[in-house]
Amino acid sequence: MGRLIWFFRSHLQSLPYKERVIPSHFFDLLYWKKLASNEFIHNDKWCFYREPKLENFGRITFVPWKDFYITYTQIPDTHPNLFSAPFEGCHMARYIDRRGRHFGCHIHTGKIILRLDGRFARLNEDTIEKWNEFVRGNNVSKIVVFNPNHRLYNPEYVDTWGIITSNFQCYTIYVDPKSRLLVDFRSARPLYKSIII
C-alpha cells in the first residue's frame, strides 16, 4: 500500500473524528484562484491541462475539472498517483496510451435533470459521447474509469474527491471542507468496459 493510501485508510481513519485533519496542501490544490485560460488547450470537448499541479506528499498529480469538457493531463513518473476534485456526478479516469504515456482525466458529465416528458437526461450528453467514442476507438492499452459516489453524504456539507493510484486502484474521499476533516475513505469499483452510461 502506497504512502498516500496508507495515510487516508490506515492513519486518518484510525483517529478520533476531530483529529482527522487533512493536510492543507490538499486544499491548496483544490481551492486555488481561478485558473488562467492559457493553462488549458481546448480541442472540441477535450481540454488539456498544460501544467498539472504536483504535490510531493504521496507523489500526486492533480487534474482539475472544467465545465462541459474532458479535462486531461499527462501523469509524470515522479508523481504517479492521480487526484481530482470536486465531484458531483462527474467521472474520473486514468489510461495508458499506445506510446506508454499515462494520462488522467476529469470527465464533466453534467447534472441529471427531469425532462418535461418525464424522462431523465443529462445536461452534457456530448461530453459523454466524446468519451465513449474515445474508449471504443481502442486508443489505449489500459484504462480505468470510476464515478466517485457523491450521493453517500449531503453535498451541502461534504465534498467528494477521487484518487486513482499508480496500479489503477480507485478511491473516494469524503471531506468536511469547513473543518478540513476526513469524513470517510472508501475503495471504489471501476465502470465496466470504461463506458459511461
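The values are calculated or read from the model by the stated rules, or taken from the named source; none is laboratory data. Just so you know, these numbers come straight off a predicted model, no measurement behind them. Reconstructed Cβ throughout: ideal geometry from the backbone, glycine too, with neighbour counts over all protein chains shown.
So the values come out like this:
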quantity: Filter pass, residue 189 being basic (Lys, Arg) and in contact with a strand residue (DSSP E or B) (Cβ under 8 Å, 6 or more places away or on another chain); calculated: yes
quantity: Filtered residues of region 94-109 (kept if in contact with a helix residue (DSSP H, G or I) (Cβ under 7 Å, 6 or more places away or on another chain) and farther than 18 Å from residue 41 by Cβ); calculated: 109
quantity: Qualifying residue in region 70-84 (condition: buried (at least 23 other Cβ atoms within 10 Å of the Cβ) and in a loop (DSSP other than H, G, I, E, B)); calculated: yes
quantity: Region 63-82 - residue that is more than 20 Å from residue 100 (Cα to Cα) and under 14 Å from the mean Cα position of the chain (by Cα) and, of those, modelled with the lowest pLDDT; calculated: 67
quantity: Some residue of region 34-45 being in contact with a helix residue (DSSP H, G or I) (Cβ under 7 Å, 6 or more places away or on another chain), closer than 30 Å to residue 136 by Cα, assigned to a strand (DSSP E or B) and modelled with pLDDT under 85; calculated: no
quantity: Total residues in region 137-178, condition in contact (Cβ under 8 Å) with a residue 60 or more places away in the chain and in a loop (DSSP other than H, G, I, E, B); calculated: 9
quantity: Considering residues of region 173-197 that are among the basic types (Lys, Arg) and within 29 Å of residue 16 (Cβ to Cβ) only, the residue surrounded by the fewest Cβ atoms within 10 Å (Cβ to Cβ); calculated: 178
quantity: Given (1) under 30 Å from residue 134 (Cα atoms); (2) at pLDDT below 85, index of the condition residue 60 fails; calculated: (2)
quantity: Meets criteria (over 19 Å from residue 190 (Cβ atoms), of a type in the set (A, V, I, L, M, F, W, C), out of contact with any Ser or Thr (no Cβ under 8 Å at 6 or more places or on another chain) and at pLDDT 85 or above) for residue 140; calculated: no
quantity: Residue 87, sole failed condition from (1) farther than 17 Å from residue 7 by Cβ; (2) modelled with pLDDT of 90 or more; (3) buried (at least 18 other Cβ atoms within 10 Å of the Cβ); calculated: (2)
quantity: Residues being in contact with a Ser or Thr (Cβ under 8 Å, 6 or more places away or on another chain) and in a strand (DSSP E or B) - total across region 85-94; calculated: 3
quantity: Pairs with Cβ under 8 Å, 6+ apart, first in region 86-98 and in contact (Cβ under 8 Å) with a residue 12 or more places away in the chain and under 14 Å from residue 109 (Cβ atoms), second assigned to a loop (DSSP other than H, G, I, E, B) and aliphatic (A, V, I, L, M); calculated: 91/191; 91/196
quantity: Residue satisfying all of: in region 142-172; in contact with a strand residue (DSSP E or B) (Cβ under 6 Å, 6 or more places away or on another chain) and charged (D, E, K, R); surrounded by the most Cβ atoms within 10 Å (Cβ to Cβ) among these; calculated: 159
